[in-house]
Amino acid sequence: MSVNKLTGTGVAIVTPFRKDGSVDFKSLEKLVNFLITKGTDYLVVLGTTGETPVLSKDEKQAILNQVIEINAKRIPLVLGLGGNNTAELVNSLEHGNFEGVDAILSVTPYYNKPNQDGLYQHYKAIALASPLPVVLYNVPGRTGANMNEDTCLRLAREFPKQIVAVKEASANLPQIMNILKDKPAGFEVISGDDALTFPMVSLGGAGVISVAANAFPAEFSKMVKLARNGKTEEARAIHFKLLPVINLIFAEGSPAGVKAFLDVMGIVPNYLRLPLVPVSKDLYKRIEVAVREF
């Protein structure tokens, strides 16, 4: 896969649920078509935003199958496939069916808190086992371990054919800038933080894998395209327009915030699976106002 497929705005899609807790496949179809028609460049299915820790193996497969079918190869599709059991993950990569998928997004191991050599060895095993290009995913706020720039760049240099990008959600701008400055040709740096997308792209980032773009795909896509084309003032204006809704989306955690926005917009109902719960009534009212005013 050409790494150019992973430029622009990717959306980490939510998993819609019904009131009884079952997966809402009708709303999932509506969401995927909404995102594609509004200019999304690629989709990420079964990532953090999709509430994957509370999905069964069969549900994950059914969700992936439906997204592949609805997408019908219109835009690239990235599959979230990570874990803190390296051997189990390698087995999944070696024996899985990835037809209709263009790349793998693999989060750093969580809870175990490996050191930098452990992170390197984990991703080396993934790179050697994966039949698809791999996107590293660094999100220490959720995993408890930060993959530093030296480890990221080492993996990018040693496995250029297998490891094609990193989704950086550390919010550590000095670290991110060092990766951008020293990365090898062909390796892309993707924002994993909606609020930092504009500065990251302005510094040479490839784009974003976004939560907020579930609700605002057209605006996010336009901002990223403008920033990538050097139209900084126009991109900055959209960035500042989006910033208040981004702040609301993450005020009480993700994906609760973006599901509230999607509910107000009539795209996805406002149901989550425990241990996650919907946003407070006060925040929901503020989101209703934000949607009307946007």
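In the set V258, V268, V279, V291, which member is within 18 Å of K167 (Cβ to Cβ) and either in contact with an Asp or Glu (Cβ under 7 Å, 6 or more places away or on another chain) or of a type outside the set (K, R) (or both)? Steps first, please.
On the way: V268 fails: within 18 Å of K167 (Cβ to Cβ); V279 fails: within 18 Å of K167 (Cβ to Cβ); V291 fails: within 18 Å of K167 (Cβ to Cβ).
Matching residue, one of V258, V268, V279, V291: V258.
Could you run through the range 255-271 and say how many residues are in a loop (DSSP other than H, G, I, E, B) and buried (at least 21 other Cβ atoms within 10 Å of the Cβ)?
Adding up the residues that qualify gives 2.
Looking only at the range 44-68, filter to residues that are of a type in the set (D, E) and in contact (Cβ under 8 Å) with a residue 24 or more places away in the chain; which one of those is nearest to G257 (Cα to Cα)?
E51
Identify the single condition in (1) under 20 Å from A227 (Cα atoms); (2) part of a strand (DSSP E or B) that L136 does not satisfy, given that it satisfies every other one.
(1)
Under the condition of being of a type in the set (A, V, I, L, M) and under 16 Å from A87 (Cβ atoms), which residue from the range 120-136 is surrounded by the most Cβ atoms within 10 Å (Cβ to Cβ)?
I126
Would you pick out the residues in the range 184-195 that are touching a Ser or Thr at 6+ places or on another chain (Cβ under 9 Å) and either within 20 Å of L155 (Cβ to Cβ) or part of a strand (DSSP E or B) (or both)? Steps first, please.
The first filter runs over the range 184-195 and keeps only residues touching a Ser or Thr at 6+ places or on another chain (Cβ under 9 Å), leaving 188, 190-194.
Within the range 184-195, E188, I190, S191, G192 qualify.
Does any residue of the range 164-187 turn out to be in contact (Cβ under 8 Å) with a residue 40 or more places away in the chain and of a type in the set (D, E)?
So far as the range 164-187 goes, no, none of its residues is in contact (Cβ under 8 Å) with a residue 40 or more places away in the chain and of a type in the set (D, E).
Going by the conditions given, is F198 part of a helix (DSSP H, G or I), within 30 Å of P269 (Cα to Cα), out of contact with any Ser or Thr (no Cβ under 8 Å at 6 or more places or on another chain) and touching a residue at least 24 places away in the same chain (Cβ under 8 Å)?
Considered against the rule, which asks whether it is part of a helix (DSSP H, G or I), within 30 Å of P269 (Cα to Cα), out of contact with any Ser or Thr (no Cβ under 8 Å at 6 or more places or on another chain) and touching a residue at least 24 places away in the same chain (Cβ under 8 Å), F198 comes out as yes.
Which residue, of K73, K38, is in contact (Cβ under 8 Å) with a residue 24 or more places away in the chain, of a type outside the set (A, V, I, L, M) and surrounded by fewer than 14 Cβ atoms within 10 Å (Cβ to Cβ)?
So the residue among K73, K38 that is in contact (Cβ under 8 Å) with a residue 24 or more places away in the chain, of a type outside the set (A, V, I, L, M) and surrounded by fewer than 14 Cβ atoms within 10 Å (Cβ to Cβ) is K73.
Across the range 1-23, what is the number of residues that are surrounded by fewer than 18 Cβ atoms within 10 Å (Cβ to Cβ) and either modelled with pLDDT of 95 or more or in a helix (DSSP H, G or I) (or both)?
The qualifying residues number 7.
Which residue pairs have Cβ atoms under 9 Å apart, sit 6 or more places apart or on different chains, and have a first residue in the range 279-294 that is touching a residue at least 12 places away in the same chain (Cβ under 8 Å) and in a helix (DSSP H, G or I) and a second that is among the aromatic types (F, W, Y) and surrounded by 11 or more Cβ atoms within 10 Å (Cβ to Cβ)?
These pairs meet every condition: I287/F261; A290/F261; V291/F261.
The values are calculated or read from the model by the stated rules, or taken from the named source; none is laboratory data. Because the structure is predicted, anything quoted here is derived from the model rather than measured. Backbone-built Cβ (ideal geometry, glycine too); neighbour counts: all protein chains shown.
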